[in-house]
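The values are calculated or read from the model by the stated rules, or taken from the named source; none is laboratory data. No experiment lies behind these values; they were computed from the predicted model shown. So basically every Cβ, Gly included, is an ideal-geometry build from the backbone, and we count neighbours across all protein chains shown. Note: areas computed on protein heavy atoms with side chains; ligands, DNA, RNA excluded. Shrake-Rupley method; radii C 1.70, N 1.55, O 1.52, S 1.80 Å.
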Amino acid sequence: MPVGDGAVRWATRGKCLRVLVVVHNVTSATRLLDVLPLFDGDLRIQLLATCPESSAFSAGTAELLAGTGVPVLPWEQALETPVDLAVSASFGGRLELLEGKLAILSHGVGYTKRLATPDTGAGAEPSSVPVFGQAPQWVLADGVPIADALVLSHPEQCDRLRAACPEAAPTAVLAGDPCFDRALAARPYRERFRRALGVRTGQRLIVLNSTWNPASFFGDGGTGGDDLLPALLPRLAGEFPVDEYRFAAVLHPNIWHGHGPGQVRAWLDRARRRGLVLIDPLEGWRQALVAADAVVGDHGSVTFYAAALGTPVLLAAAPLHELDPGAPVSGFMRVAPRLDPGAPLREQIDRLVEHHRPLPGPAEYTTSVPGEAAVRLRSLFYSMMGAAEPEWAASLEPLPLPGHEPVSVTAPLHVLTRVPRPGEVSVSRWAGSPPPGRVRGR
């Protein structure tokens, strides 16, 4: 139910248009959950879901799909079930075998990273590794485009697709970025998000963001073999007073579900006891970006989204060889300010925030049609099904208020006092040993 043997007999509404949501992993689910509300309220639509089980990061996907309440088909059954529309936010899993029109969305800021196909493996020279979502190895099957509609958010992405794979260029559809549109719409609620994340008046919220793979901020095999974020965490506790700064970590879902949520929490246990908040990788990261005073990140899409929102960004890792050199993300990484791990961290963060001037690239190239993704995507989906759109306006779900994160510092605190003038006492508290000569209280 509501497809397969017996569906005609048992289904209460058996004449619905079938929309199949293809979820490769939790990462792609973040984008698909953005667009599912476009079908809300339409009694003509029956949503279905499936997982191709082709991703190395499929852990957590079954639980996520069960939580949606949408009927989940085994992949083999999904391939045999005619549908009116299939929507995916990734490649892989022989999508070309699906029986229905297929729309593919990006699950990041367009397609920017090089990624070897599953059948070629790793070890190739970086310059020969294809760009995921742009190169023929990813977007064609037997010389034919996999997607009937490849959804892009900016004309520059269309230009790069045309250069990389002319055969797929006719499938490109400019339909905006629903993920970014939700973040844009949430900016008026910044102070609410900050309060929910436990940020008090006068505090600065610093978000530490890492994509996945060894060269990322959280990875242990980047340039020179640096293990950067774990080395910085104790210094954050020692250089930033707990009453003046709040730190939150946004880690890629592939980190969470590749290594296991329990393992990630165990790795970061000491930092959590010193006040670090771990942000939910599915629902909470955009709210954290809206609430942040600064982001220390790497070459992932989240860092670029932060810069597009106007948030000050400091790059801790930027392996340019992993990026398409023609992508705006690559251009941004070349000019954005860099973290100096050997220099005092607090001075770098304060200087970044106080002297921030947004670079124009991220806001310009994230989407050429800000605020229009809901209208454009719904129009595309219904036209692909050959159905009239509902009479009500298309809209995306507002970002929910994140779960309250009270300040929870359970590590021993160093409390330092000074008397700046007669009758006045200033107190600073540190979750690590404060650097000598750099005590500064309020």
Connecting every pair of Cα atoms under 10 Å apart in the chain and solving the GNM, the largest mean-square fluctuation among Ala288, Ala89, Ala336 falls on Ala336
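Nearest 5 is fine: what % of DSSP beta bridges in the chain come out antiparallel, could you say? Working shown, then result.
On the way: 10 of 46 bridges.
Expressed as a percentage, antiparallel bridges in the chain total about 20.
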Expected unfolding gain across Leu401-Asp220 under the 0.36 nm per residue rule, minus the alpha-carbon gap, is 61.8 nm
Of the convex hull drawn through the C-alpha atoms of the stretch 89-208, the volume per residue in Å³ is 167 Å³
Quick calc: nm separation of the 7 Å Cα→Cβ label points for Ala116 and Arg9 -> 5.1 nm
Computed over the stretch 301-442, protein heavy atoms only, probe 1.4 angstrom, the accessible area per residue in square angstrom equals 52 Å²
In order over the stretch 412-423: 3J(HN,Hα) from phi, Karplus 6.51/-1.76/1.60, θ = phi - 60°, whole Hz, x for each Gly or Pro, gives x, 9, 8, 10, 10, 10, 8, 10, x, 7, x, x
The long-range amide H neighbours of Leu339, using H built 1.01 Å from N in the peptide plane and a cut-off of under 5 Å, are Leu315, Ala316
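Given the DSSP H assignment, sum -39500 (n - 2.57) over each helix run of at least 4 residues in the chain and divide by its residue total; what's the result at 222 nm in deg cm²/dmol, nearest 500? Write down the numbers at each step before the final one.
Values: 18 runs with 142 residues, N = 442.
My calculation for the chain gives -8500 deg cm²/dmol from helical runs alone.
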Expressed in angstrom and rounded, the centroid-to-centroid distance over alpha carbons for the stretch 395-419 and the stretch 1-44 is 38 Å
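Among DSSP beta bridges whose residues both lie in the stretch 1-157, state the antiparallel percentage, nearest 5.
Values: 3 of 20 bridges.
In the stretch 1-157, DSSP labels about 15 percent of beta bridges as antiparallel.
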Given a 1.4 Å probe, the accessible area of the stretch 138-206 per residue, as a whole number of Å², is 42 Å²
Which of Gly69, Gly423, Gly108 fluctuates most in a GNM of the chain (C-alpha springs under 10 Å)? That residue is Gly423
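Within the chain, what whole-number % of the accessible surface is contributed by carbon and sulfur, with the 1.4 Å probe and all protein chains included in the calculation? Could the numbers behind the result be given before it?
Numbers: 10460 of 19520 Å².
Reported share for carbon and sulfur atoms: 54 percent.
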